[in-house]
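S.K.: One structure coming up, written as structure tokens, with questions to follow.
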Amino acid sequence: MKTPEQPKLDTYLQHVGMAEFDPHSGAAPVALPPYRASTVRFESLAALEQVGPRKAKGERAVRYGRSGLDTHAAFEDAVCQLEGGRHAYLASSGLAAITLGFLSFLSQGDHVLVADCAYGPVRTLDKSVLSRIGIQVTYCAGDVAALQDHVTGQTRMLYVESPGSLLLEMLDMRALAAFAREHNLILVTDNTWGTGGIYQPLALGADVSVIAATKYIGGHSDLMLGAVVVSDDGLAAQLDETQYALGYSVSADDVWLAIRGARTLPLRLQQSAASGLAVAQWLQQHPLVERVYFPALPEDPGYALWQRDCRGANGLLSVQLRCSRAQAKAFVDALTYFGIGYSWGGFESLVQLVRPEQLAPHSYWTGGDHALVRLYTGLESCDDLIADLSQALTQITAK
Ligand SMILES: *Cc1c(COP(=O)(O)O)cnc(C)c1O
């Protein structure tokens, strides 16, 4: 039985970031305003000098605006609650949060294992930055059997994403956590798919959870934001120091929008996920569909892990079509409600025609030349989305 001190997530998200009452009038707006600040002004030198000792005690005390004030603190709390962690560090985008994770825990000469299903731009980070500063990366399937062949004396970190970005393959997070402990590796996971409390890798043994708040938390396709969440104080200290040293800073306006998005996150997620499942089931029956990738489908190979570890799904799915790439292009162009664009998690449905070179490095991909389309179901009526897919699929038969 939950006590009032531990409200359910939906309740918590309506009460985080509320403005404090003015001691004189006893009144306040409901929502905390965006506290925009570069300079933090202190009442006295004594107050300024208290910042260090307060920080040492684990309080969120700030000397300067780069770290953000109350609005940031409220959102950090919300992110900790969503991920089941104790410390959150914000970054200007999901990719910046990923970068913060790598640079906080790795040094020259270190080796990191990366699951080959991870978000594509991680490879760009590797090519453009990590390789230049002497951090070596090995990509392989995100399962223990494959990973253990690649551990070296220099391996410090295991970086995974479950479910994977393009094919939504579920990884066994508990097994990965046991493997990481056995080899003394920091297990970092991209949990953008799971934000909203549907998947909590930290509770399954991961050390670090990285999220793009750009997606479901923002929820309205109008802001970029990321966060790194941990429970361990030592890892938190490394993140704190690196975030400061790299000069990371996030606008209070964006954080304020993210808090606003977080309040309706559970509701939006529910609607988007219900449509995702309905669309996945509808597509599964269609003669032009070879395979649907969606871990909440009983036919998906990740279904058992999804049932064991997740409290829900979302609106992301991939579809392998029985057609040429040219036909798949015609299909995508024929869609009305699914906008052509990267990203997901907003109110509007989206479609992306996945390029063969994006798929090639994924060991989970066995589809050869098949066209793969990634869909995101937003908040439109599901009937309209299915009707849209149905009419666009006739483009394939027409060619
Ligand atoms: C979008 C995304 C990111 C990057 O987030 P940005 O805010 O766009 O930089 C990282 N990981 C996953 C899984 C994503 O979908």
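S.K.: Any idea which of T11, T39 is part of a helix (DSSP H, G or I), β-branched (V, I, T) and surrounded by fewer than 14 Cβ atoms within 10 Å (Cβ to Cβ)?
M.R.: After applying the criteria, what remains is T11.
S.K.: Something else about it: For residues that are under 15 Å from the mean Cα position of the chain (by Cα) and assigned to a loop (DSSP other than H, G, I, E, B), tally how many sit in region 221-244.
M.R.: 4
S.K.: Only one of (1) more than 16 Å from the ligand (Cβ to nearest atom); (2) within 14 Å of the chain's Cα centre (by Cα) fails for T214. Which number is that?
M.R.: Going through the list (1) more than 16 Å from the ligand (Cβ to nearest atom); (2) within 14 Å of the chain's Cα centre (by Cα), T214 breaks only (1).
S.K.: Something else: Identify all residues within region 245-266 that are farther than 26 Å from K8 by Cα and in a helix (DSSP H, G or I); write none if there are none.
M.R.: A245, A252, D253 - these are the residues of region 245-266 that are farther than 26 Å from K8 by Cα and in a helix (DSSP H, G or I).
S.K.: Run G197 past the list (1) surrounded by fewer than 22 Cβ atoms within 10 Å (Cβ to Cβ); (2) modelled with pLDDT of 95 or more; (3) in a loop (DSSP other than H, G, I, E, B) and report the number of the one that doesn't hold.
M.R.: Condition not satisfied by G197: (2).
S.K.: Among the residues of region 366-399, how many are at pLDDT below 95 and touching a strand residue (DSSP E or B) at 6+ places or on another chain (Cβ under 9 Å)?
M.R.: Residues meeting the conditions: 4.
S.K.: If you don't mind, there's one more thing I want to ask. Hey, does region 190-200 have a residue that's farther than 13 Å from A96 by Cβ, among the small types (G, A, S), touching a residue at least 60 places away in the same chain (Cβ under 8 Å) and away from the ligand (no atom under 16 Å from the Cβ)?
M.R.: Within region 190-200 (the criterion being farther than 13 Å from A96 by Cβ, among the small types (G, A, S), touching a residue at least 60 places away in the same chain (Cβ under 8 Å) and away from the ligand (no atom under 16 Å from the Cβ)), the answer is yes, since at least one residue qualifies.
S.K.: Sticking with this one: State the number of residues belonging to region 48-85 that are more than 20 Å from V250 (Cα to Cα), among the β-branched types (V, I, T) and surrounded by 20 or more Cβ atoms within 10 Å (Cβ to Cβ).
M.R.: 0
S.K.: Same structure again: Residue by residue through region 341-355, note down the ones that are in contact (Cβ under 8 Å) with a residue 24 or more places away in the chain and not in a strand (DSSP E or B).
M.R.: S343, W344, G345, G346, F347, E348, S349, V354
S.K.: Among the numbered conditions (1) crowded, with 21+ Cβ neighbours inside 10 Å; (2) under 17 Å from the mean Cα position of the chain (by Cα), tell me where A203 comes up short.
M.R.: For A203, the exception is condition (1).
S.K.: Next question, about the same structure. If you take the residues of region 86-114 that are within 15 Å of the ligand (Cβ to nearest atom) and not aliphatic (A, V, I, L, M), which of them is surrounded by the most Cβ atoms within 10 Å (Cβ to Cβ)?
M.R.: G101
S.K.: Examine region 322-341 for a residue that is acidic (D, E), surrounded by fewer than 21 Cβ atoms within 10 Å (Cβ to Cβ) and closer than 28 Å to G197 by Cα, and state whether such a residue exists.
M.R.: No, region 322-341 has no match at all.
S.K.: Let me ask another. Only residues that are part of a helix (DSSP H, G or I) and touching a Lys or Arg at 6+ places or on another chain (Cβ under 9 Å): list them for region 267-294, please.
M.R.: Q284, the sole residue that qualifies.
S.K.: Can you report the number of residues in region 115-145 which are outside any loop (DSSP other than H, G, I, E, B), touching a residue at least 40 places away in the same chain (Cβ under 8 Å) and more than 13 Å from the ligand (Cβ to nearest atom)?
M.R.: So the count comes out to 2.
S.K.: Step by step: first the residues of region 219-235, then only those that are buried (at least 21 other Cβ atoms within 10 Å of the Cβ) and among the small types (G, A, S), then the one that is nearest to R263 (Cα to Cα). Which residue is that?
M.R.: In this case the residue turns out to be G219.
The values are calculated or read from the model by the stated rules, or taken from the named source; none is laboratory data. Treat the numbers as computed from the prediction; the structure is a model and nothing was measured. Every residue, glycine as well, gets a Cβ built from its backbone with ideal geometry; the counts of neighbours run over all protein chains shown.
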